[in-house]
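*Asks:* Before I ask anything, here is the structure I am working with.
The values are calculated or read from the model by the stated rules, or taken from the named source; none is laboratory data. Because the structure is a prediction, the values reported are computed rather than measured. In this analysis, Cβ positions are derived from the backbone assuming ideal geometry, glycine residues included, and neighbour counts consider all displayed protein chains. The protein model used for the area step is the full one, side chains on, heavy atoms only, and it has no ligands, DNA or RNA in it. Shrake-Rupley method; radii C 1.70, N 1.55, O 1.52, S 1.80 Å.
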Amino acid sequence: SLNQYLKQVYEDTSSALVYLGEWHSHPNANTQYSENDKKTMVEISNDPLSRIKKPLLLIVANKQKIMLKSLYIANKGELLQFNQI
């Protein structure tokens, strides 16, 4: 149902709102992306329907009540990490 909702928002805004990327949390206090994360982001960047060549990936983790976060950008088959968010 989320895909249907996003499609409706896209149509209602005359294509003004577009997809930027993905986010999720890691329960083990590690914000390093997995091979599955990388594969997914590369697939998204190669999919013409996503309309974004360099999607973002945000990973959030909790470690002793401290929120850790890492932001990556898919670029030419790799995930590049932003040093600070």
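*Asks:* Let me spell it out: the conditions are (1) modelled with pLDDT under 90; (2) open to solvent by 50 Å² or more (accessible area, probe 1.4 Å); (3) in a loop (DSSP other than H, G, I, E, B), and I52 meets all of them except one. Which number is the exception?
*Replies:* Failed condition: (2).
*Asks:* If you don't mind, another one. May I ask you to list pairs of residues, at least six apart or on different chains, whose Cβ atoms are under 7 Å apart, with the first in the range 1-29 being on the phi > 0 side of the Ramachandran plot and the second being not in a strand (DSSP E or B)?
*Replies:* G21/P55
*Asks:* Keeping to the range 37-49, report how many residues are at pLDDT 90 or above, over 10 Å from G21 (Cα atoms) and either open to solvent by 60 Å² or more (accessible area, probe 1.4 Å) or in contact with a Ser or Thr (Cβ under 8 Å, 6 or more places away or on another chain) (or both).
*Replies:* Applying the first criterion (at pLDDT 90 or above) to the range 37-49 yields 37-46.
Still in the running and over 10 Å from G21 (Cα atoms): 37-40, 42-43, 46.
Going one step further and asking which of them are either open to solvent by 60 Å² or more (accessible area, probe 1.4 Å) or in contact with a Ser or Thr (Cβ under 8 Å, 6 or more places away or on another chain) (or both), we end up with 39, 43, 46.
Counting residues in the range 37-49 that are at pLDDT 90 or above, over 10 Å from G21 (Cα atoms) and either open to solvent by 60 Å² or more (accessible area, probe 1.4 Å) or in contact with a Ser or Thr (Cβ under 8 Å, 6 or more places away or on another chain) (or both) gives 3.
*Asks:* While we're here: Go through the range 9-19 and report how many residues are part of a loop (DSSP other than H, G, I, E, B), loosely packed, with under 13 Cβ neighbours inside 10 Å and not small (G, A, S). Spell out how you get there, then give the answer.
*Replies:* To start, the set of residues in the range 9-19 that are part of a loop (DSSP other than H, G, I, E, B) comprises 13-19.
Filter once more, keeping what is loosely packed, with under 13 Cβ neighbours inside 10 Å: 13-18.
This time we only want the ones that are not small (G, A, S), so: 13, 17-18.
Qualifying residue count for the region: 3.
*Asks:* Something else now. Test L6 against the criterion of being outside any loop (DSSP other than H, G, I, E, B), modelled with pLDDT under 80 and open to solvent by less than 100 Å² (accessible area, probe 1.4 Å), and give yes or no.
*Replies:* Considered against the rule, which asks whether it is outside any loop (DSSP other than H, G, I, E, B), modelled with pLDDT under 80 and open to solvent by less than 100 Å² (accessible area, probe 1.4 Å), L6 comes out as yes.
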